[in-house]
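Colleague: I have a structure here, written as structure tokens, and I will follow up with some questions on it.
The values are calculated or read from the model by the stated rules, or taken from the named source; none is laboratory data. From a predicted model like this one, the values you see are computed outputs, not experimental measurements. Note that each Cβ is placed from the backbone with ideal geometry, even for glycine, and that neighbours are counted across all protein chains shown.
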Amino acid sequence: MISQLNIRQMTEEREESLSPYAVKSKLLRGRLRYEEPCPVRTAFQRDRDRIIHSKAFRRLKHKTQVFIAPLGDHYVTRLTHTLEVSQIARTIARALNLNEDLTEAIALGHDLGHTPFGHVGEDVLNELYPKGFRHNEQSLRVVDQLENDGYGLNLTWEVRDGIVNHAKTRIETLGQDWGKVNSLEGEVCKIADIVAYINHDIGDATRADIITKGDLPLSAIKVLGLSHSQRVNTMVCDIIEFSWAASGRNTTGSPTIGMSPQVLEATDTLRKFLFDRVYDLRSAQEESEKAREVIRLLYEYFKKHEDKLPLEYRLHSDETERRVVDYIAGMTDQYALRMAEELALVRKG
């Protein structure tokens, strides 16, 4: 029998060579419901697989990152963003001798609760729903309750902690306190998220002819590089060097994940540039208003016609507005647009 091969146990033994600051899978804090360990995979590998096989993960391929339902084939989606975050985070975790499996699971699950239409969808749901809406909290709700016909994915505490604490508010600068993540692996995912979106959003804005490479702030480009690959490489290498104490390899100082002051300032300059020249652009705002109208229409309709909600969304809460939010947040861009068009036609009729 495969259980007699001790495959999982051998993997757990190899984790003993990780940094003393790394999370070891055999020392995890547990799951919401107890399960017998897998004979082959560690707990974090199991979590990763559950996330990849979830319906919410599949829907990420049709959710917008920045541009609303773009027609081009090469624009970033929420799924490709997630994969980029995972790749960057795994590279950093491996270099710092942290638990790569935990890092990967957090990265793959961090945006499962994101709305259609990117942060525009998140903002309008936050305005409409009296209790507020944040995509990281919704991601936790997805893995705890909404997936698997209401049973959730039953992930480990460590992965759930990384998912719910990955988010950073728009108004913060990169040097501010990012909130409490209870593992270095979670901090790695948090910073990898920023590295990924800053660089691929520049690429998408260039592709959409909103900016050119010549528009990028010279002070930042001198530090980070002009091309996408140069910037990502500079940021990742800087994170590894700055965070080296986390590796536990004959180092001194407190383990922390971050960037050097010079690279941090350059990265924040690019981030602010994106808000000024891309995210807050008038044409983008006009497109965003269309998305806002769609979300508002769907919210008001389903709040008044709860019986039109799919049965699975009527089982997860006793509160109508909570059910409506769960349904809308799970929609893809195109599904939300089609649904709004159908409802608009019904109203005209």
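Colleague: Can you give me the ranges of the helices (runs of 4 or more DSSP H) entirely in the stretch 95-149 with at least 3 residues that are under 25 Å from Glu300 (Cβ atoms)?
Modeller: Details: elements: 100-109, 118-128, 135-141.
Hits in the stretch 95-149: 118-128, 135-141.
Colleague: As an exercise: evaluate Asn154 against (1) modelled with pLDDT under 95; (2) of a type outside the set (A, V, I, L, M, F, W, C); (3) at positive phi and give the number of the one condition it does not meet.
Modeller: With (1) modelled with pLDDT under 95; (2) of a type outside the set (A, V, I, L, M, F, W, C); (3) at positive phi applied to Asn154, the lone miss is (1).
Colleague: Sticking with this structure for a sec: Within the stretch 235-269, track down each residue that is farther than 23 Å from Val223 by Cβ, surrounded by fewer than 19 Cβ atoms within 10 Å (Cβ to Cβ) and polar (S, T, N, Q).
Modeller: Asn250, Thr251, Thr252, Ser254
Colleague: State yes or no: is Arg14 at pLDDT 95 or above, surrounded by fewer than 19 Cβ atoms within 10 Å (Cβ to Cβ) and of a type in the set (D, E, K, R)?
Modeller: On the way: at pLDDT 95 or above: yes; surrounded by fewer than 19 Cβ atoms within 10 Å (Cβ to Cβ): yes; of a type in the set (D, E, K, R): yes.
For Arg14, the condition - at pLDDT 95 or above, surrounded by fewer than 19 Cβ atoms within 10 Å (Cβ to Cβ) and of a type in the set (D, E, K, R) - is met.
Colleague: Here's another thing I want to ask about it. From the residues in the stretch 1-54 that are of a type in the set (Ser, Thr, Tyr), assigned to a helix (DSSP H, G or I) and within 27 Å of Pro255 (Cα to Cα), which one is nearest to the chain's Cα centre (by Cα)? First the steps, then the outcome.
Modeller: To start, the set of residues in the stretch 1-54 that are of a type in the set (Ser, Thr, Tyr) comprises 3, 11, 17, 19, 21, 25, 34, 42, 54.
In the following step, the residues that additionally are assigned to a helix (DSSP H, G or I) were identified as 3, 11, 17, 25.
Still in the running and within 27 Å of Pro255 (Cα to Cα): 11, 17, 25.
Details: Thr11: 27, Ser17: 29, Ser25: 22 Å.
Per the criteria, the residue is Ser25.
Colleague: On to the next question. Given (1) modelled with pLDDT under 95; (2) crowded, with 19+ Cβ neighbours inside 10 Å, where does Asp123 come up short, assuming only one miss?
Modeller: With (1) modelled with pLDDT under 95; (2) crowded, with 19+ Cβ neighbours inside 10 Å applied to Asp123, the lone miss is (2).
Colleague: Answer yes or no as to whether Asp161 is charged (D, E, K, R) and either surrounded by 24 or more Cβ atoms within 10 Å (Cβ to Cβ) or at pLDDT 95 or above (or both). Explain how you work it out, then say what you get.
Modeller: Details: charged (D, E, K, R): yes; either surrounded by 24 or more Cβ atoms within 10 Å (Cβ to Cβ) or at pLDDT 95 or above (or both): yes.
Yes: the conditions hold for Asp161.
Colleague: If I go through the stretch 292-338 residue by residue, how many of them are in a helix (DSSP H, G or I), surrounded by fewer than 20 Cβ atoms within 10 Å (Cβ to Cβ), at pLDDT 90 or above and of a type in the set (A, V, I, L, M)?
Modeller: Adding up the residues that qualify gives 2.
Colleague: Here are Asp209, Asp204: which of them is assigned to a helix (DSSP H, G or I) and at pLDDT below 95? Full working, then the answer.
Modeller: Values: Asp209 fails: assigned to a helix (DSSP H, G or I).
Sole residue among the options that is assigned to a helix (DSSP H, G or I) and at pLDDT below 95: Asp204.
The rows are residues; the columns are (1) among the polar types (S, T, N, Q); (2) farther than 19 Å from Gln87 by Cα; (3) not in a helix (DSSP H, G or I).
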{"position": "Val223", "(1), (2), (3)": "no, yes, no"}
{"position": "Ser229", "(1), (2), (3)": "yes, no, no"}
{"position": "Asp238", "(1), (2), (3)": "no, no, no"}
{"position": "Thr252", "(1), (2), (3)": "yes, yes, yes"}
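Colleague: Can you tell me which residue within the stretch 169-201, out of those that are basic (Lys, Arg) and either modelled with pLDDT of 80 or more or crowded, with 18+ Cβ neighbours inside 10 Å (or both), is nearest to the chain's Cα centre (by Cα)? Steps first, answer last, please.
Modeller: To start, the set of residues in the stretch 169-201 that are basic (Lys, Arg) comprises 170, 180, 190.
Imposing the further condition that a residue be either modelled with pLDDT of 80 or more or crowded, with 18+ Cβ neighbours inside 10 Å (or both) reduces the set to 180, 190.
On the way: Lys180: 16, Lys190: 9 Å.
Restricting to residues being basic (Lys, Arg) and either modelled with pLDDT of 80 or more or crowded, with 18+ Cβ neighbours inside 10 Å (or both), the top hit is Lys190.
Colleague: Another one. On the basis of being touching a residue at least 40 places away in the same chain (Cβ under 8 Å), in a loop (DSSP other than H, G, I, E, B), surrounded by 14 or more Cβ atoms within 10 Å (Cβ to Cβ) and not hydroxyl-bearing (Ser, Thr, Tyr), does Val85 make the cut?
Modeller: Numbers: touching a residue at least 40 places away in the same chain (Cβ under 8 Å): yes; in a loop (DSSP other than H, G, I, E, B): no; surrounded by 14 or more Cβ atoms within 10 Å (Cβ to Cβ): yes; not hydroxyl-bearing (Ser, Thr, Tyr): yes.
It is false that Val85 is touching a residue at least 40 places away in the same chain (Cβ under 8 Å), in a loop (DSSP other than H, G, I, E, B), surrounded by 14 or more Cβ atoms within 10 Å (Cβ to Cβ) and not hydroxyl-bearing (Ser, Thr, Tyr).
Colleague: From the list Asp111, Asp47, which residue is surrounded by 24 or more Cβ atoms within 10 Å (Cβ to Cβ), within 19 Å of His200 (Cα to Cα) and touching a residue at least 24 places away in the same chain (Cβ under 8 Å)?
Modeller: Values: Asp47 fails: within 19 Å of His200 (Cα to Cα).
Within the list Asp111, Asp47, the selection yields Asp111.
Colleague: Something else about it: Among residues belonging to the stretch 59-73 that are crowded, with 18+ Cβ neighbours inside 10 Å and not in a loop (DSSP other than H, G, I, E, B), point out the one that is modelled with the lowest pLDDT.
Modeller: My answer is Thr64.
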